[in-house]
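The values are calculated or read from the model by the stated rules, or taken from the named source; none is laboratory data. These numbers were taken from a predicted model, which means no experiment stands behind them. Using ideal geometry, Cβ is built from the backbone for each residue, glycine included, and neighbour counts are taken over all protein chains shown. Each accessible area value is taken on the protein alone, full model and side chains, heavy atoms only, with ligands, DNA and RNA left out. Shrake-Rupley method; radii C 1.70, N 1.55, O 1.52, S 1.80 Å.
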Amino acid sequence: MTGEESLRPQSLLLTFLGDQVLGRDVCVYSGSVIDVFARAGVGEQATRSTLTRMVKRGLLRRQREGRKMYFGLTEHSAAVLRDGEHRIWQTGAVNRHWDGTWTLLGFSLPESWQRQRHDLRSKLTWSGFGPLFSGLWIAPGEVDVAELVSELGLAAHVKVFRAHADAGMDIGAMIEETWELSELAARYEEFVSRWEAWERRLPDADDALALRLRLQAEWLQVIRRDPRLPVKHLPDDWPAERAEKTFRAVHERLTPLAREAAERLLDLMPVRPDQA
């Protein structure tokens, strides 16, 4: 699986809007989105259906101007994008400042609740947890799971604790048993192999915007799957730092051209509060 194969149009669209719309009180013309996405390898029909689906899910708002339709962010999608922005630029891929705290989450669900068990495990994995034992999951740092548990309606079946490991415990071995480190490392290595050449190359001017869009969407996809395990307990050749350097170097190289392309290619319109 490559990043190009696995990126969904919705992930690209959210990344695009985070880059061009977030915090600016503007909407973007659907034709502009179709043009940029065509350069990113996404067909017009897929782009249009993604826009429609995201409006229905409350992730986008529509604003008509004459015969044109413009799309902007809702409060929900803006919050998702701010979180992603923070994850990329503030939190980062390498956890150097771990204070030794773990979040432990225990759950006991009736045998018949297979769907609820699957949903809980999926959301815990997404939030950085790994299975220490079947009904006891663990994540580095202090992770707030109140909203996650409440959404699933499982508050009565879940117990959450903060903890520190006993002095004699081998944390590195525990991490290797609990998380699939080889899969995580492979994602970082694949990212580097796809993008390191762009540290030295430059695309055609109008393709820079789509290329930087793919770069950011792929990077966010990789780091969102990373539980940010403490680097001092990971293998010495852990590839996250190198991958992050590649991301930042390519992003910086593409940004001037991408901004110029955005000025030429994007039709933006101020948000009108009367159109939700």
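Whats the longest run of the chain with zero trypsin sites (Lys or Arg not before Pro) that are DSSP loop and have at most 15 other Cβ atoms within 10 Å?
Free of exposed loop sites, the longest segment is 97-199.
Treating cross-link reach as a plain straight distance, find the lysines whose alpha-carbon is under 28 Å from the alpha-carbon of K68, omitting any fewer than eight places away in the same chain.
K56
Obtain the radius of gyration and the Kirkwood radius of the range 1-131 from its C-alpha atoms and give Rg over Rh.
With Rh from the inverse mean 1/r over Cα pairs, Rg/Rh is 1.06.
At 1.4 Å probe size, with the rest of the protein present, what percent of the exposed accessible area of the chain is carbon and sulfur atoms?
Of all accessible area on the chain, carbon and sulfur atoms account for 48 percent.
Roughly how tilted is helix 75-86, in degrees to the nearest 10 and between 0 and 90, from the longest Cα axis of the chain?
Relative to the chain, helix 75-86 is tipped by roughly 70 degrees.
Antiparallel DSSP bridges in the chain: what percent, to the nearest 5?
95 percent
Using only the Cα atoms of the chain, each taken as one equal point scatterer with no solvent, compute I(q) by the Debye sum, divide by I(0), and report log10 of the ratio at q = 0.07, 0.13 Å⁻¹.
-0.31, -0.98
Residue farthest toward the positive end of the dipole of the chain, with Cβ of Lys/Arg at +1 and Asp/Glu at -1: which of M269, A78, F133?
The listed residue farthest towards the positive side: M269.
Angle check, please: helix 9-20 long axis (alpha carbons) against the longest principal axis of the chain (alpha carbons), in degrees 0 to 90, nearest 10.
70 degrees
Magnitude of the Cβ-charge dipole of the range 1-85, K/R +1 and D/E -1, about the Cα centre, nearest 20 debye?
That gives the range 1-85 a dipole magnitude of about 480 debye.
Taking 0.36 nm per intervening residue step and subtracting the Cα-Cα distance, what contour gain separates K159 from A46 on full extension?
36.4 nm
On a full-extension model of 0.36 nm per residue, what is the gain between L109 and L181, subtracting their alpha-carbon distance, rounded to one decimal in nm?
Length gained, L109 through L181: 23.1 nm.
Please state the charge dipole magnitude for the range 87-204, taken about the Cα centre, from unit charges on C-beta atoms (+1 on K and R, -1 on D and E), reported in debye and rounded to the nearest 20.
Charge dipole of the range 87-204: 260 debye, to the nearest 20.
To the nearest 20 Debye, how big is the dipole of the chain about its Cα centre, given +1 on the beta carbon of each Lys and Arg and -1 on that of each Asp and Glu?
Taking the Cα centre of the chain as origin, the dipole is about 1060 debye.
Using the alpha-carbon atoms, what tilt in degrees (0 to 90, nearest 10) does helix 181-195 show relative to the longest principal axis of the chain?
20 degrees
Enter the accessible area per residue of the range 15-150 (Å², integer; probe 1.4 Å; all protein chains in place).
52 Å²
When the helix-only estimate is applied to the chain (DSSP H runs of n ≥ 4, each -39,500 (n - 2.57), divided by the residue count), what is the mean residue ellipticity at 222 nm, nearest 500 deg cm²/dmol?
Mean residue ellipticity, 222 nm, calculated: -15500 deg cm²/dmol.
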